[in-house]
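Here the structure is laid out as structure tokens; the discussion comes afterwards.
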Amino acid sequence: MTPFRFYLVTDTHFYEPSLGASGKAYEEYMKTEQIFLAESSDMVKAVFAQIMADKETEYVIMPGDLSKNGERESHKSLIKELYKLKEAGKKVFVITAAHDYNEWSRSFKNDELVPVEGVSHQELYDLYYDFGYSQAFAVDKQTLSYVAEIAPKVRLLAVNCDSCEETKGVIDDRLLGWLQEQIDQAKKDGCFIFAINHYPVVPCVPVFDLVGDAQVRNWRRFADFLADNGVELILTGHMHIQSINEYYSKQGNRLIDICTSATVGSPMQYRRIDISEDAVMKVETLDVPDFGWDLGGLSVREFADKQFVVSNINKINRALNGDEVYKKILKKVLNSIKVSTLGKIFFVKPDKSIKDKKFMDFAGEIGCCIFAGDQPHKKGTPVYNAVSGVLKRLNFVIRKIEPKLQKGDNPINLTEMVLNTIANNKGYSDNNAEFNLKNIE
Ligand SMILES: [Fe+2]
Ligand SMILES: [Fe+2]
């Protein structure tokens, strides 16, 4: 096959800073927001500068959530940057997602949250025409999915299932039929096919299978469809997480789902993927570089992780605001309790390396590790021992919950799901990995 190499940059959530990103309303908003707004344009520009400096890599692929919330000015500014990539010789292929056209386009001016002009879903086709649609030989106008031959005999199946509120995350029969036609044609033409979709297809970590919109809603059906049709690779975003997952259909065919973090939120990474002549795929993870802001002595990663932890703690506390006594007690307990105290409640003795941590900080650190991929908390580590100890004590409750969470005929083992979420036990890295793909016949 034709070897090809590309950058994968997703969930740029680009926000045009001149719209306004300061004041009381902004500060309040950022207390519970995981991704950056004021800094986002400089973060994306810094990544694009790195990409432009690499003369060896021709393609840039972006699977959706291009803008913060569909602001017209954010789209305009991002598109300017995409043209710069193009002028530097890059071929850019994007799809859009719900954050690119929704009705929540807002800015922050004079301490207020102010509505600003957004764009409609239909407009996205014209706006991003030069970044996928102009090169496509088939477009599904209803969803803005398309197929393009991005290199000789290499076909990109750009799937969009984020085109309206009612069918968000659903690959329906009509779209499936259209995709089948495109795959059949690509096979007839002897092409290697790979796909992109904003939503992950395979749950990024096991517990995400319990969260409605964390992946394609009918994900098993779509995963089987792709795998059994010989589409072995899909590139996704949406969950702002670094994960790679292999899924095998009942017929034994494989689908590899590579989900990548937001460019503008912890762990702030993007990828370079190299597929060789003999179909060996090398996945490399890169960090968002210094983007020219004063981060108060923190590294880019520390800055992003801090926002991740603080915003999530604030979200929990906000959910516990209210006059109800139980909320007041729970809030006080959660914010003051140490891991050692929690251990005493569950008759678990946490290791000395974690026992003095505040529970909220401890949970925040685990959360950060999950979203960065390659989670280190494997069997025998202090975090594993503490979490598995508590799960054992809760076993009688877990057994009662499991049947209620079960969807279809796939039984749920909640304990295993949690332990395989805090540790990567898959046998390959979520960040830097190598796979032998099926070559075209
Ligand atoms: Fe996103
Ligand atoms: Fe999304």
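The values are calculated or read from the model by the stated rules, or taken from the named source; none is laboratory data. Note that the structure is a prediction, hence the values are computed from the model and not measured. Heads up, the Cβs are rebuilt from the backbone with ideal geometry, glycines too, and the neighbour counts pull from every protein chain shown. Side chains are part of the model used for accessible areas, which takes the heavy atoms of the whole protein and leaves out ligands, DNA and RNA. Shrake-Rupley method; radii C 1.70, N 1.55, O 1.52, S 1.80 Å.
So here's what we get for this one:
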| quantity | calculated |
| --- | --- |
| Failed item, numbered, when VAL231 is tested on (1) in contact (Cβ under 8 Å) with a residue 24 or more places away in the chain; (2) within 16 Å of ligand 2 (Cβ to nearest atom); (3) of a type in the set (Val, Ile, Thr) | (2) |
| Residues satisfying the stated conditions in the range 101-123, i.e. open to solvent by less than 20 Å² (accessible area, probe 1.4 Å) and touching a Leu at 6+ places or on another chain (Cβ under 6 Å) | SER107 |
| Test: residue in the range 238-252 that is of a type in the set (Gly, Ala, Ser) and either over 30 Å from PHE36 (Cα atoms) or away from ligand 1 (no atom under 16 Å from the Cβ) (or both) | yes |
| Check on SER22, within 16 Å of ligand 1 (Cβ to nearest atom), in contact with a Phe, Trp or Tyr (Cβ under 9 Å, 6 or more places away or on another chain) and either open to solvent by 10 Å² or more (accessible area, probe 1.4 Å) or not acidic (Asp, Glu) (or both) | no |
| Within the range 202-219, tally of residues that are of a type in the set (D, E, K, R) and in contact (Cβ under 8 Å) with a residue 60 or more places away in the chain | 1 |
| Residue satisfying condition, being in the same structural domain as GLU87 (by TED's automatic domain parsing), within 20 Å of LEU66 (Cα to Cα) and among the β-branched types (Val, Ile, Thr), within set ILE183, ILE196, ILE150, ILE171 | ILE196 |
| Subset of the range 86-118 (residues that are in contact with a helix residue (DSSP H, G or I) (Cβ under 9 Å, 6 or more places away or on another chain), within 16 Å of ligand 2 (Cβ to nearest atom) and assigned to a loop (DSSP other than H, G, I, E, B)) | THR96, TYR101, ASN102, SER105 |
| Any hit, the range 216-224, residues being within 16 Å of ligand 1 (Cβ to nearest atom), within 16 Å of GLU39 (Cβ to Cβ), of a type in the set (A, V, I, L, M, F, W, C) and in the same structural domain as CYS191 (by TED's automatic domain parsing) | no |
| The range 358-380 - residue that is outside any helix (DSSP H, G or I) and surrounded by fewer than 17 Cβ atoms within 10 Å (Cβ to Cβ) and, of those, nearest to the chain's Cα centre (by Cα) | PRO376 |
| Matching residues in the range 122-138 - criterion: being outside any strand (DSSP E or B) and not charged (D, E, K, R) | GLN122, LEU124, TYR125, LEU127, TYR128, TYR129, PHE131, GLY132, TYR133, SER134, GLN135 |
| Out of LYS306, LYS355, sole residue that is outside the structural domain of ARG271 (by TED's automatic domain parsing) and out of contact with any Leu (no Cβ under 9 Å at 6 or more places or on another chain) | LYS355 |
| Some residue of the range 326-344 being part of a loop (DSSP other than H, G, I, E, B) and outside the structural domain of GLU27 (by TED's automatic domain parsing) | yes |
| Tally of residues being open to solvent by 50 Å² or more (accessible area, probe 1.4 Å) and of a type in the set (S, T, N, Q) across the range 47-66 | 1 |
| LYS331 being over 18 Å from LEU391 (Cβ atoms), basic (Lys, Arg) and either open to solvent by 40 Å² or more (accessible area, probe 1.4 Å) or in contact (Cβ under 8 Å) with a residue 12 or more places away in the chain (or both) | yes |
| Residue count for the range 180-211, restricted to those that are under 22 Å from LYS250 (Cα atoms) and either in contact with a Pro (Cβ under 6 Å, 6 or more places away or on another chain) or assigned to a strand (DSSP E or B) (or both) | 4 |
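The rows are residues; the columns are (1) farther than 17 Å from THR285 by Cα; (2) part of a helix (DSSP H, G or I).
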{"site": "ASP213", "(1), (2)": "yes, yes"}
{"site": "VAL216", "(1), (2)": "yes, no"}
{"site": "ALA223", "(1), (2)": "yes, yes"}
{"site": "LEU226", "(1), (2)": "yes, yes"}
{"site": "GLY230", "(1), (2)": "yes, no"}
{"site": "LEU235", "(1), (2)": "no, no"}
{"site": "HIS240", "(1), (2)": "no, no"}
{"site": "GLU246", "(1), (2)": "yes, no"}
